[in-house]
Amino acid sequence: MSSNSTIRSICCIGAGYVGGPTMAVIADRCPDVKVTVVDINQDRIAAWNHPDLSKLPVYEPGLDAVVERARGRNLFFSTAVEETIASADMVFISVNTPTKTRGLGAGQASDLRWVEACARTVAKEATGHTIVVEKSTLPVRTAEAVKAILGSVDSSSEQKTFSVLSNPEFLAEGTAIRDLANPDRVLIGGENAEAIDALAEIYQQWVPEEKILRTNLWSSELSKLTANAFLAQRISSINSVAALCEATGADVREVAKAIGTDSRIGPKFLNAGPGFGGSCFQKDILNLVYLCRHFGLPDVADYWESVVLLNTWQQHRIARLVVQKLFGTVTGKRLAILGFAFKADTNDTREAPAIRICKDLLEEGAQLAIHDPKVDPEQISRDLNLIASQAPEEDAGPTRGALSGEATWWPSPDVASAIRGADAVLILTEWQQYRELDWTTLAPLMRKPAWVFDARGVVDPKQVESGGLNVWRVGEGDA
Ligand code: UDX
Ligand code: ADP
């Protein structure tokens, strides 16, 4: 950071998937700025401070190296929320904003209670002039609420002033460090040019000036929701076409390639799969839907809502299809689930398609052996609302409980043990290791007739078939 920079000390509230990696990269690139990430969750902060970098609470390729360089130098993780705010020139709000589960807007609107709590703490603890940056994805016009809370402090006794900026984060999990180091754009929305410049100066340490876009507050907030809605819409579009491909004998990969070469469409985000997951897409679209209804635009709301409805349909469709192919019942049958994270290279399971698909299969009385290289089995228990059982003895037949339709699941330490004795394998996350499986050695472990349901299009169908297994691949019809 140049010595004449305005910002010397940054506080980020929220040490989650966004706050942690983003601040690590800022600290790494701006060694003269003190960056402290605070969180009320002591365990999280302890994990960020863990000497063993493989124990960081967020798994992101390259994150450990960035943290190793900056931690203890100008990057700190702390639970001292109030003190850190008091000494900061700039405060990022990077807390969770899940969809409301009850009350007004339940199921659609964002629950802003954590953002509001942060704004109140900042209003109370800040000193001098503080730039408050919204980093969490928020509904349009949230900045107004934040400003109102900040403006409600009695500043007659103390000199406190605030500027509010919106600086949404576009990083994707699994590629967070790459996305932060080389963003397509940095968006800064605000009204106060000096505050915008101060934040731009931070990014200018590694991002070219032309990639730093300045907008008004509302455009910035809305751009984030719109970007996610457009990306999610592409996935629902290709998944809708995948179903049609299966029905007509077309292959969705060929269709995606054919349309993706049109430079107006482009090749990215055209992979058909089990539907989108992750903490953002569904939440942001539902937020948009809620806003549209609020502003009297029900047709626009319905349009965007259909993107989420199709996504849910795709997940139920896959579970249904598995049951149908297995002679209409999976009661007491062992199914191997490969991949539980919502996509590869992350341990995050929020809104993972695996959750809905596994729940549907458990509802049918299935016995699920679940393997994922990064997801903690306790997280899977929480997501499925079902405690894991002991893995059955190798080669043991179905238990009495299994035959009477008692659904269970257990974590499998490796792919082979998940597959042993299974009637079907479902590939739900595109981990690299699942692309490299040797089906000639795996196939004999399964109970025949056996199926591989490849919801990510990662296996070579010929290799699977040569092992005597049946294959279903998303978006592939019988030609
Ligand atoms: C997304 C946005 O990409 C990011 O800009 C925003 O900041 C947060 O939300 P993320 O949720 O981390 O990031 O993952 P992303 O890579 O976008 O994938 C979202 C979901 O879509 C995953 O479940 C993924 O498997 C699925 N997906 C993605 C597809 O099914 N097909 C595709 O072609 C691409
Ligand atoms: P994201 O994916 O947006 O980063 P996460 O849920 O991973 O969201 O992280 C948000 C973090 O914010 C959590 O660790 C949570 O404990 C923290 N948090 C929420 N409210 C506050 C608050 N008022 N003060 C400090 N930390 C908070």
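The values are calculated or read from the model by the stated rules, or taken from the named source; none is laboratory data. Computed from a predicted model, the values in this text were never measured in an experiment. Positions of Cβ are backbone-derived with ideal geometry, glycine not excepted, and every protein chain shown enters the neighbour counts.
Remarks
- Qualifying residue in the range 33-49 (condition: in contact with a helix residue (DSSP H, G or I) (Cβ under 6 Å, 6 or more places away or on another chain), touching a residue at least 24 places away in the same chain (Cβ under 8 Å) and more than 25 Å from LYS160 (Cβ to Cβ)): no
- The range 128-145, subset over 8 Å from LEU165 (Cα atoms) and part of a strand (DSSP E or B), residue farthest from the chain's Cα centre (by Cα): GLY128
- Test result for LYS224, modelled with pLDDT under 95 and in contact with a strand residue (DSSP E or B) (Cβ under 8 Å, 6 or more places away or on another chain): yes
- Only one of ASP52, ASP43 that is over 26 Å from GLY278 (Cβ atoms) and more than 16 Å from ligand 1 (Cβ to nearest atom): ASP52
- Extreme residue, farthest from THR127 (Cα to Cα), among residues of the range 41-84 that are assigned to a loop (DSSP other than H, G, I, E, B) and in contact with a Gly (Cβ under 8 Å, 6 or more places away or on another chain): PRO61
- Helices (runs of 4 or more DSSP H) enclosed by the range 284-392 - at least 3 residues per element that are of a type in the set (A, V, I, L, M), away from ligand 2 (no atom under 16 Å from the Cβ) and over 17 Å from ILE427 (Cα atoms): 298-325
- Enumeration of residues in the range 1-20 that are touching a Gly at 6+ places or on another chain (Cβ under 9 Å) and either over 15 Å from ASN167 (Cβ atoms) or outside any loop (DSSP other than H, G, I, E, B) (or both): CYS12, ILE13, GLY20
- Filter result (crowded, with 21+ Cβ neighbours inside 10 Å and either within 11 Å of ligand 2 (Cβ to nearest atom) or of a type in the set (Ser, Thr, Tyr) (or both)) within the range 113-129: VAL115, CYS118, ALA119, VAL122
- Subset of the range 179-191 (residues that are within 12 Å of ligand 1 (Cβ to nearest atom) and touching a residue at least 40 places away in the same chain (Cβ under 8 Å)): LEU180
- Among the candidates VAL153, VAL95, the residue that is assigned to a loop (DSSP other than H, G, I, E, B), in contact with a helix residue (DSSP H, G or I) (Cβ under 7 Å, 6 or more places away or on another chain) and within 11 Å of ligand 2 (Cβ to nearest atom) is uniquely VAL95.
- The sole residue among THR175, THR142 that is at pLDDT below 95 and within 13 Å of ligand 1 (Cβ to nearest atom) is THR175.
- The number of residues in the range 251-291 being surrounded by 15 or more Cβ atoms within 10 Å (Cβ to Cβ), free of Cβ contacts under 8 Å to residues at least 40 places away in the same chain and within 24 Å of the chain's Cα centre (by Cα) comes to 3.
- ILE196 vs. criteria farther than 25 Å from CYS292 by Cα, among the aliphatic types (A, V, I, L, M) and touching a residue at least 40 places away in the same chain (Cβ under 8 Å): no
- Inclusion of LYS224 among residues that are farther than 22 Å from PRO353 by Cβ, in contact (Cβ under 8 Å) with a residue 24 or more places away in the chain, within 12 Å of ligand 1 (Cβ to nearest atom) and charged (D, E, K, R) is warranted.
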